[in-house]
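A quick write-up on the structure given underneath.
The values are calculated or read from the model by the stated rules, or taken from the named source; none is laboratory data. Note that the structure is predicted; figures quoted are calculated from it, not measured. Here the Cβ positions follow ideal geometry from the backbone for every residue, glycine too, while neighbour counts run over all protein chains shown. Quick note on the areas: whole protein, heavy atoms, side chains included, nothing else; ligands and nucleic acids left out. Shrake-Rupley method; radii C 1.70, N 1.55, O 1.52, S 1.80 Å.
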Amino acid sequence: MPPRPDVPSAPAAERPRVPRFTRAEHRVHRATATLMAICVLTAGCLYLPFLAELVGRRALMVTVHEWSGILLPVPLLLGLGSRALRTDLTRLNRYGPHDRQWLRAALRRRGGRPAGKFNAGQKLYAAWIAGAVLVMLGTGLLMWFTDLAPLVWRTGATFVHDWLALAVVLVIAGHVWKAFGDPESRRGLRTGSVDARWARREHPLWEHEDNAR
């Protein structure tokens, strides 16, 4: 129930909070984001002439790019030891009628967007980025180990790798832009808890989702 207009609301630090992410999930997200940032920055140094001239040391950039890409899935694989992370991965891979309603409302820029712990946009982003990382990893290996496949395969892998990399940069930029527009969501990832009123407003089905488990 919203507070009465004549009654000042409690300071943000004093409002009730609900747990959202564990320390393990925070570490997986941070490590993955760091590796992804290294991949993007080193790719920029390899493909953009002004960055290549500024940084130099192309051989080093190639090596760092290759190994950061190889290591990209590792934080998630190590994090699978966390029960909370496995539970959240299950949530991200489970869709319901409310997700279609959320997408329709989002496309029409309307309110009334029902969501559990993760909304439909977050689920689609997670699925897309996971698939993109696997494709980038596979095409990157074909480009790195030239004896794995014939030239025509390597040429196709280079084409897919380069254009998918551009799509990844654009999608991640959108992800970061949305995150900066929602400070409470960022705070939840950083501290592990979110404001209860924010949770009820942005993820109204979250509590029901927990109770149904």
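Cβ contacts < 6 Å: first residue among the charged types (D, E, K, R), restricted to region 170-189; second residue open to solvent by less than 60 Å² (accessible area, probe 1.4 Å), any location; separation 6+ or different chain. Result?
Listed by first residue and then by second, the contacts come to GLU184/VAL194; GLU184/ASP195; GLU184/TRP198; ARG186/ALA179.
Please pick out the residue among HIS29, HIS65 that is buried (at least 17 other Cβ atoms within 10 Å of the Cβ) and touching a Phe, Trp or Tyr at 6+ places or on another chain (Cβ under 9 Å).
Unique residue meeting the criteria: HIS29.
Identify, from the list GLY96, GLY56, the residue that is open to solvent by less than 70 Å² (accessible area, probe 1.4 Å) and at pLDDT below 90.
Result: GLY56 is the single residue among GLY96, GLY56 that is open to solvent by less than 70 Å² (accessible area, probe 1.4 Å) and at pLDDT below 90.
With respect to ARG86, determine if the residue is among the basic types (Lys, Arg), closer than 29 Å to ARG201 by Cα and at pLDDT below 90.
Here the answer is no, as ARG86 does not meet what is asked.
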